[in-house]
């Protein structure tokens, strides 16, 4: 049976040059499929605000939202290392608040670690969590919780001052005890420089080829959206959105044209019971007649339907 990765194993993967695969998941079936596919790390990202809850940003996502979705993911991927995002303003109000909120994601949600956005300014909160036994993954570059302050979803590290700050932030997070750092929308040369400067793994998303691992959003790689907006940093591997839409459309068509359900989708009744209910002279319509036919062909019910 597959054993979940640990932060020690993740660091060894960096040392040995083995790339780390990480994918978001927000519910039980997605987590189960990701684990079966062999993913190394599952991130329960606050990106669920965008792709699951219908928000324009991640800012409205609450800690209760994160606990709820993390718990579902943990049930689906019991043998995979799970990281959960601390959402907006749950770790900027003092160490005690940060510890309490991070603990909920581990105790109630079942995560193995938390992720926090920010650099040197959150180093003390990171260190407090690490001292308390809560593993922390950092996140610098484009930090979606600060999208309004950053002026939108822009590539980070193009200017020398920005690049130096990101290098300093990465080193501060490592010094505080973070076991890994996500680099989002960072120029490729800068991501390579940060990766080389650290002893902990970097996980890139829109940060090029030089990181120790990569992470993408579940709904992006599957085009599970309507409409799907292509992104330069994403490679898509399926078009599930179109498949789902077409399947539902076919179901609607069958219902409207009375092509579903057919006889094989219905369950008959014993003739004697039917007679006792309606009597031999009753006229209960075609459905009663159909229910009395093919009694011998009745099969046990497998699974459940809508109730």
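The values are calculated or read from the model by the stated rules, or taken from the named source; none is laboratory data. Since the structure is predicted, the reported quantities are computational estimates derived from the model, not experimental observations. Cβ sites come from the backbone with ideal geometry, for glycine too, and all protein chains shown count toward neighbours.
So for segment 1-21 (the condition being outside any helix (DSSP H, G or I) and within 10 Å of the chain's Cα centre (by Cα)), does at least one residue qualify?
Of segment 1-21, the ones outside any helix (DSSP H, G or I) are 1-6, 17-21.
Checking which are within 10 Å of the chain's Cα centre (by Cα) leaves us with none.
So far as segment 1-21 goes, no, none of its residues is outside any helix (DSSP H, G or I) and within 10 Å of the chain's Cα centre (by Cα).
When residue 31 is evaluated against the numbered criteria (1) within 18 Å of residue 109 (Cβ to Cβ); (2) modelled with pLDDT under 95, which criterion, by number, is the only one it fails?
Tallying (1) within 18 Å of residue 109 (Cβ to Cβ); (2) modelled with pLDDT under 95, residue 31 fails exactly one: (2).
Name the residue, out of 9, 2, that is surrounded by fewer than 20 Cβ atoms within 10 Å (Cβ to Cβ) and either modelled with pLDDT under 95 or closer than 22 Å to residue 117 by Cα (or both).
2
How many of the residues making up segment 91-122 are touching a residue at least 40 places away in the same chain (Cβ under 8 Å) and out of contact with any strand residue (DSSP E or B) (no Cβ under 9 Å at 6 or more places or on another chain)?
Total meeting the criteria: 3.
I need every pair where a residue in segment 183-211 that is over 21 Å from residue 43 (Cα atoms) has its Cβ under 7 Å from the Cβ of a residue that is modelled with pLDDT under 95, sequence separation at least 6 or different chains.
187/155; 187/157; 187/158; 190/157
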